[in-house]
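Worksheet for the structure shown next.
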Amino acid sequence: MLQKALPFFIYIFLGFGITHSLLGQVLQQDSSDNIFLINMGYGGYQPGGDLSTRFGFTNLAGGEIGYQFKSNFYFTGGMYFLFGGVVKEPNHLINLRYDGFTILNYNGQPAEIRIWERGYTVPLRVGWVLPRFDPFRANANSGPYFETGVQFIQHKIRIENVGNLVPSLSSQYLKGYDRLTNGIGIIQSIGYRYFSLNKLINFYVAVDIMENFTENRRDFQYDQEKVENTQRLDLMLGFRAGWTIPLYQINKSSIFYY
């Protein structure tokens, strides 16, 4: 009886040892990969320069696609929607205000007018990840990074004439008040990018500085009764964070046992 049971216990013991060894594996990626990047992110920015006289805190939300090489050099391109709730343009709509404060509808009642900041950016970025300076020693794809790039930026004052009760703010006249502005900008960023070995947790955080060289694109400003064609410097300083969906082409790993 004991002789028949002995092989069974030997198999259990060997199986336990192999299982323990497998559970004790530590996967550590020691070489970088070629990675196709899909980024989805949000940024919050404090405006500066000419932009600060028009808008308050500004949000960017959108996404990018790109490619990171084995050298940890990468490039991305995408689109972000620009929006905010604070409009500070001095004397905006002043010529429509009955007593300097109130806009009346065609019934002689105070009109409901809503205004927001709206726009978008189209950035093109190049950057370099530095895994050797990674304080977390994550893997050869992760680490602090720096990047630079250019972007097209456009912003305006979105005006909602609730009920369309103010004829002077009907759709054919809004262009004279919306301050549509666009131009080219320069981006500089420093941040940290993380790729997990199980490919489930992949994110980035960054601090951005943007210098945008823009100009008003409307022919005439109704409230100012003039053409505004001066060059603007719209600055933005803030943070950006997002999630990355990585598509790996090659994944080299070394397996260490304890």
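Remark on the chain: hydrodynamic radius 22.2 angstrom, per the Kirkwood mean of 1/r across alpha carbon pairs.
At 222 nm, what value in deg cm²/dmol follows for the chain if DSSP H runs of at least 4 each add -39500 (n - 2.57) and the sum is divided by all its residues, to the nearest 500?
After summing the helix terms and dividing by the residues of the chain, the value is -3000 deg cm²/dmol.
Each Cα pair of the stretch 51-100 feeds into the Kirkwood radius, which the Stokes-Einstein equation turns, at 25 °C and 0.890 mPa s, into a diffusion coefficient of 169 µm²/s. Compared with the dominant Cα axis of the chain, that is its longest principal axis, helix 2-23 is turned about 30°. Couplings 3J(HN,Hα) for the stretch 46-57, derived from phi with the Karplus relation 6.51 cos²θ - 1.76 cosθ + 1.60 (θ = phi - 60°), are 9, x, x, x, 5, 5, 6, 7, 10, 10, x, 3 Hz, where x marks Gly and Pro.
Charge dipole of the chain (Cα centre as origin; +1 on each Lys and Arg Cβ, -1 on each Asp and Glu Cβ, all else neutral): 780 debye, rounded to the nearest 20. If you take every residue apart from P47 with its C-beta less than 10 Å away from the C-beta of P47, what net charge results, scoring Lys and Arg +1 and Asp and Glu -1? Charge balance in the 10 Å sphere: -1.
If you add up the charges near W243, with Lys and Arg at +1 and Asp and Glu at -1, over every other residue whose beta carbon is less than 15 angstrom from its beta carbon, what do you get? Net local charge, W243 excluded: +2. From the P(r) of the stretch 158-221, could you give the percentage of C-alpha pairs in the tail past 16 Å? Result: 68 percent of Cα pairs exceed 16 Å.
Mean-square fluctuations from a GNM of the chain, with a 10 angstrom spring cutoff on Cα atoms, peak among R114, R232, R217 at R114. Of the residues M40, M210, the one with the fewest other Cβ atoms within 10 Å heads the list, and the complete ranking is M40, M210. Each part gets one Cα centre, and for the stretch 121-172 versus the stretch 58-83 those centres are 8 Å apart. By the count of neighbouring beta-carbon atoms within 10 Å, fewest first, D234, D99, D208 end up ordered D99, D208, D234. Over all other residues within a Cβ to Cβ distance under 14 Å of E89, the charged ones net out to +3, with Lys and Arg as +1 and Asp and Glu as -1.
Values quoted throughout were computed directly from the atomic coordinates according to the rules given, and no laboratory measurement underlies them. What you see is a predicted model; the values in this text were computed from it and never measured. We place every Cβ from the backbone using ideal geometry, glycine too, and count neighbours over all the protein chains shown.
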